[in-house]
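Please see the structure below; I have some questions.
Every number in this text was worked out from the coordinates using simple rules, so none of it is lab data. All of these numbers come straight from a predicted model, not from anything done at the bench. Here Cβ is always computed from backbone atoms with ideal geometry, including for glycine, and neighbour counts include all displayed protein chains.
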Amino acid sequence: KMEKKLLPFILLSCCSIGTISGCGVKGKQTDDNISNSATIVSDNTVSSGFDLDLAAEQISIKGNSLKIPVQLSNLPENWRYEIKESPFTNGFGLARLFYNDEEVITAGIMNFYEGKEGKSVIYNIYIDDDSSSIANIIPQKDTRDDVLRKLGEPTSEHEEDISETIHSHILVYGDKGTISGINGSDAQCVTVSLNTDNIVNSVSISYVSK
């Protein structure tokens, strides 16, 4: 399941990430003025009462806690990364994350430039199985009612065709931004995708410094 298509990243409103095949390579861009650390925006509580800062602290990947945004060089103990080949541009990319040397997730990174990979910042996590959770939402288990109970009413919601055969109802909590796809993202939100039975298909969180 680790090798997934990038379609969710390109199509979902909050730039949810799926993984792609290929060996890790260094970024092709350079920038001498990138930030050494992520900048967390202090006020991310939307009118529904949803708090992005709190959600960013409530990420569990196969039972292991992770908070974003976080610089790759500052990953917690027992975590490590490998850069993954990706089609993204403008300083965005992908990183494989390992916990105790077991690959557990692929994350979206920003501030990604050749020779300064450690300064890249994880800004996006995407999950679609019940071994992980974001903001206490568990894919394949939680329902729309569970999401509303845990997060409140969404900032916005819409229908979306993820592929020719997959149709989803999308709940967005926070600012989904205006940029998506291979150009990166400017989103600060949690996105929940529901199937036709109102079961959570996937959850993603994007926290891009602005």
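Dividing the alpha-carbon Rg of the range 148-190 by 2.2 N^0.38 Å yields what?
1.31
Something else about it: Can you tell me how much longer the chain between I179 and L54 gets when fully stretched, taken as 0.36 nm per residue apart minus their C-alpha distance, in nm with one decimal?
42.6 nm
Y123's amide H: which non-local residues (gap 5+, or another chain) put their own amide H closer than 5 Å, with H modeled 1.01 Å from N in plane and none for Pro or chain starts?
G108, I109, M110
Which of the trypsin sites (Lys or Arg not before Pro) across the range 102-172 are loop residues per DSSP, with 15 or fewer other Cβ within 10 Å?
Hits after loop and neighbour filter: K141.
Can you pull out the GluC sites (Glu not before Pro) in the range 154-210 whose DSSP state is coil and whose Cβ has at most 16 other Cβ atoms within 10 Å?
Here the GluC sites (Glu not before Pro) that fit, given the DSSP loop and packing criteria, are E164.
Follow-up. Using only the alpha carbons, work out the radius of gyration and Dmax of the range 127-210 in angstrom.
12.5, 36
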